[in-house]
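Visitor: Submitted below is the structure of interest, expressed as structure tokens.
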Amino acid sequence: MEHVNTKDASPLYFYRIIFKAYCSISFLEMTRKKRVESWREKRRRASIRYQRAIEAERIRIDKRLKKRGMPRWKILALILSLACVVGAFAVWQWMQSTSTSETRRFKAPQFTLMDIDGNRVSLKDFVGKVVVLVFFDTHCPPCISELSYLKSLHRRAGDKVVILSVDVDPIHDTVEVLRRFREENRISWPILIGTSKVINTYEIQYTPTTLLIDRNGFIYKGYIGWSVRSSPSRLDEDINHLLEGGG
């Protein structure tokens, strides 16, 4: 680069340098703006392509549905119909689980189970007495509602009626859980640990299931679910009938 003596340089020389610098800066700024505009344009075009692809897919689906003779409103109606059927089935199951009573007239299957204190309890030990056999679990709200009636029955009937509670969920309801459940609810009758064999033999599907067994060991009636309004009076009526010698 040629050395220039600033003392001998004319003002035009400095103006030329300033002009070149200005042109360089302007060129760089224009290049940057073009890059930004190019990037924005690419984004805009990509967005347009995406929207067009979505619209094309929607049109393709609509054409396919029209060819099959299944308009969109019919699909929605079908979905709503299925939802109504599922809801009706759920309500029916709930009504079955809270139904009043079911008559069963056969010999109660014998069993021997361990209670939560480690004692063996056999159903045959209570022949000659009326037995209220309750299948329950600790996380069943109707089962907890039934406890008030069972405690009242235990106080009123004394030794005339035997109450046995059989837990059907030993995986969740461990011995410690059942002992705490007994203390919290002040249960004074045996709580037995159910087995899959006993549960399947008695065909237990809902909790609580309360079976009323007469003095001869026959199942007189079975109550599925628990209704605070109707179940106590009906169970009292059936128990009194058995205590009076009916069956």
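Visitor: Ordered by residue, what ³J(HN,Hα) values in Hz, to whole numbers, does region 209-214 give under the Karplus form 6.51 cos²θ - 1.76 cosθ + 1.60, where θ = phi - 60° and Gly and Pro are x?
Guide: Per residue, the Karplus-derived 3J(HN,Hα) values read 10, 10, 10, 9, 10, 7 Hz.
Visitor: Exposure proxy check: Ile59, Ile199 ranked by fewest other beta carbons within 10 Å?
Guide: With the sparsest Cβ surroundings first, the list reads Ile59, Ile199.
Visitor: Could you work out the relative contact order of region 102-243, using alpha carbon pairs under 8 angstrom and six or more residues apart, expressed as a whole percent?
Guide: For region 102-243, the relative contact order is 37 percent.
Visitor: Taking the Cβ of each residue in His139, His241 as the centre, tally the other Cβ atoms inside 10 Å and list the residues starting with the fewest.
Guide: His139, His241
Visitor: With the crude spin-label approximation of a point 7 Å out along Cα→Cβ, what separation in nm comes out for Asn200 versus Asp117?
Guide: About 3.2 nm, to one decimal.
Rule-based calculations on the coordinates, nothing more; no lab input. Computed from a predicted structure; not experimentally measured. A quick note on method: Cβ atoms are made from the backbone with ideal geometry, for glycine too, and the neighbour counts reach across all protein chains shown.
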